[in-house]
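The structure appears below as structure tokens.
Throughout, read-outs are computed from the coordinates displayed, never taken from laboratory work. Note that this is a predicted model, so its numbers are computed, not measured. Counting neighbours? That spans all protein chains shown, and the Cβs are built from the backbone with ideal geometry, glycine included.
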Amino acid sequence: MGNLSFASLIRRPESGAFLGMVFVFVFFAIFGGRNFTSFAGAASWLNVAANLGIIAIPIGFLMIAGELDISIGAMVPAASMSMGIISGHYGLPIPVGILMTLGFAVVIGWINGIMVVRTAVPSLIVTMGTLFAVTGLTLFLSILLTNTTAVAMNPPAWAKAIFGGFYFNSYQVIIVWWLGLTALYVYFLHFSPWGNWLFAMGGDKESARNAGIPTTKFTIGLFILSSVSAAFVGLCQTILFNSAQVSTGMSFIFNAIISVVIGGVLLTGGFGSVIGIFFGTLTFAMVNQGIYFTDFDRNLSSLIIGVMLLIAVLMNNTFRQMALSYTGSRKKD
Amino acid sequence: MMNMRKNMLAAMLASVALTGAASAADIAVIAGSANDAFFNRVKKGVDDAALVVQANGGTVNYLTTQNYDNFGPDLVQLINTAVSQGVDGIAIPVWVAESQVPALKSAADQGIKIMMYNSGAEVKEQIAGINYFGSDEFVAGEAGGAYMAKKGAKKILCHIHVPGAVNLERRCDGIVAGAEANGATVMRLPTPASIDSDVTGTSEALKAELLKDPSIDAVITMGAWASDAATIAIQQAGRPVLLGTFDLSPSVLERIKAGTQTMAIDQQPYAQAFLATTMLAAYIDFGIDLPTDPVLTGPGIVDAGNIDAALVGVAAGAR
């Protein structure tokens, strides 16, 4: 870590992800024109990256530890509705809505975690179960309590300022949360002992437990973190758009996992970095939103997104291999 | 064709035999799961129509599927339930033609009158349906496109959140027709599945289009949630852009009331259910048949001019 030579810098897991991001940025800066790189245009992909990034990093942690949480796809709309129902439909104060919503997310995350550590069922299947269960529960409770599947809410100015407002006309306040949380997670993964535990669990869970790492508690904690993060994004969206509906946030599942993988986390676990996921999320957001700044036929959007993402990941992988075989200037002993 | 006529003739004869004298209509109305916001409006229409039917001495039985998991067979089960209850008529949408048509045909053969609403106008002849109450996506789009053009729009952005979804593409086709007839052009924007139901992603996509093409002066979204996204996009684009959407939601109505959204296109499910039920009873009891066929119940456009009445309808559960 301390050695900041060129060789050690390019060997860091996030270097490849950074390169992929630069490629995508340059591509859209050329084809998207001045709007893409302008102050207002940049908000377009930063807003999307922030919403996705807050969820992607905890998902990245789970993937490093060899787990997965797809129930976030139900948590986002569930939290959005819960916020809308508590503080919109019933008109209770915003803090009550936030606390109850996050509390609900803690319960779901805890259930996910307990099920994963207590049963031998893979986390993909466990969280698929909660994905559908939470979706159904959200629909049922919404109809029961409000008799509709969408609610409106008019949050006070202070709540907008902190959770769901715009600054400089187009920058969502959630970007600040994203940057702050990313910094916190960098410390967590790379500078605190917990980070080493995480990598150890992803490498080999048995030996990690034998080495005295509280893997059970730790796993449950990670599931709670991803669930709460998804809920946070959901409730911020309700505050931002003054509206919530029972539509599924299935796109978040896929997009978060893609961002994590573009960011250099291995699907097999045990390897990855927070900054890498950060770059991966930015890459994904740029590709997704960059399309709308170009003159390409809109029917080709998905094709272009697919090709661009593939190129970004290929660059990342090729670069990583080159970097790992690059030895730098040999030190004389 | 010959067969169909024979069936219809047989059905008519049988019904004469069955209904005979002054016995009033016993009707079954079949609908989708009550969990669906749409069918809450349908139920309100049926409940209100039931008052009329009961006033004439008839009954209305409202049958719904539990969910959409086993939709075709569930609907057939409901049709058979209605038949076994000995009803005089069934009001029903046809969603799964291959399952429903044989069951409805055999019901018609037993003299049961079939009234159609919401969906399936194309199989009306096959099941000897009396009339059809529903909306037409193309006609609804056409009305929306014409409305925006008459409000002064020159270039309308038509946002499709599920590219390839037949009903959404039809709506957009209609918007193109309506706009072009009134001197406006339309730009179609299909957004990929990766941002479906993602409000922030959709909002940013719409904003980018608005920034890129300053000549866009109106946006029509195909779903209520997408117009939440469009609202922010328009705010940030920093110029006046007309906004319309298909379907209603509380936030859409609030915006129309506040003046930040121009209009919403409603297919008025209440009218579909209310008319299908009352007209079925009127046909059975009094032989009343409307010459207008099919009867379009939409589009109803909600804008600043009728928002207060629409809000009353929402509170009553009819819109």
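Structural remarks
- Report summary: the helix-based calculation at 222 nm, which adds -39500 (n - 2.57) for every DSSP H run with n ≥ 4 and divides by the residues of chain A, gives -23000 deg cm²/dmol.
- Pairs of Cα atoms nearer than 8 Å and 6+ residues apart set the relative contact order; for chain A it is 38 percent.
- Förster radius 51 Å - calculated FRET efficiency between residue A:107 and residue A:314 (Cβ-Cβ, nearest 0.05): 0.80
- Most fluctuating residue given options B:152, B:174, B:144, as computed from a GNM of chain B linking Cα atoms under 10 Å: B:152
- Residue-wise HN-Hα couplings along region A:223-235, as the Karplus relation 6.51 cos²θ - 1.76 cosθ + 1.60 with θ = phi - 60° gives them from phi, are 5, 5, 4, 5, 5, 5, 4, 4, 5, 4, 4, x, 6 Hz; Gly and Pro carry x.
- Using θ = phi - 60° and Karplus 6.51 cos²θ - 1.76 cosθ + 1.60, couplings along region B:213-225 (whole Hz; Gly, Pro as x): 10, x, 7, 6, 10, 7, 10, 10, 9, 8, x, 4, 5
- Annotation: the antiparallel percentage among DSSP beta bridges lying fully within chain B is about 10.
- Close amide H pairs (under 5 Å, H built 1.01 Å from N) link residue B:160 with B:189, B:191, residues at least 5 positions away or on another chain.
- Projecting label points 7 angstrom from Cα along Cα→Cβ for residue B:77 and residue A:169 puts them 5.7 nm apart.
- Packing here is the average count of other Cβ atoms within 10 Å per residue, and on that basis the peptides B:295-303, A:294-302, B:202-210, B:240-248, highest first, run B:202-210, B:240-248, B:295-303, A:294-302.
- In terms of the mean number of neighbouring beta-carbon atoms within 10 Å, the peptides A:80-87, B:136-143, A:179-186, A:63-70 order highest first as A:80-87, A:63-70, B:136-143, A:179-186.
- You can think of it this way: the chain between residue A:158 and residue A:26 has 43.7 nm of extra reach, that is 0.36 nm per residue less the Cα-Cα gap.
- Of all beta bridges that DSSP places with both ends in the protein assembly as shown, some 20 percent have antiparallel geometry.
- Average Cα contact separation per residue, chain B, under 8 Å, 6 or more apart, as relative contact order %: 20
- Estimated FRET transfer efficiency (residue A:209, residue B:101; beta-carbon r; R0 56 Å; 0.05): 0.35
- Against chain B, whose longest principal axis comes from its Cα atoms, helix B:37-55 is set at around 40 degrees.
- Cα centroid separation, region A:173-246 to region B:57-113 (Å): 51
- The protein assembly as shown - Rg and Dmax from Cα coordinates, angstrom: 28.3, 112
- Whether chain B is rounded, prolate or oblate, judged on the alpha carbon gyration tensor where a/c under 1.5 counts as rounded: prolate
- Centroid-to-centroid separation of region B:253-288 and region B:158-201 [C-alpha atoms, Å]: 24
- Distance in nm between pseudo-label sites at residue A:147 and residue A:295 (7 Å out along the Cβ direction from Cα): 5.4
- Shape category assigned to region A:236-308 from the gyration tensor of Cα positions, a/c cut at 1.5: oblate
- For peptide A:291-298, the mean count of partner chain Cβ atoms within 10 Å of a residue's Cβ comes to 4.
- Amide H contacts of residue B:131: B:116, each under 5 Å away and 5 or more positions distant or on a separate chain (H built 1.01 Å from N in the peptide plane; Pro and chain starts excluded).
- For residue B:154, the residues whose modelled amide H falls within less than 5 Å of its own, excluding neighbours fewer than 5 places apart on the same chain, are B:217.
- Integer Hz, Karplus 6.51/-1.76/1.60 couplings in order for region B:179-188, x for Gly and Pro: 6, 5, 5, 10, x, 10, 10, 10, 10, 8
- Shape category assigned to chain A from the gyration tensor of Cα positions, a/c cut at 1.5: oblate
- Between residue A:187 and residue A:303, the simple spin-label model (points 7 angstrom out along Cα→Cβ) gives 4.8 nm.
- Averaged over peptide B:204-214, the number of partner chain Cβ atoms lying within 10 Å of each residue's Cβ comes to 6.
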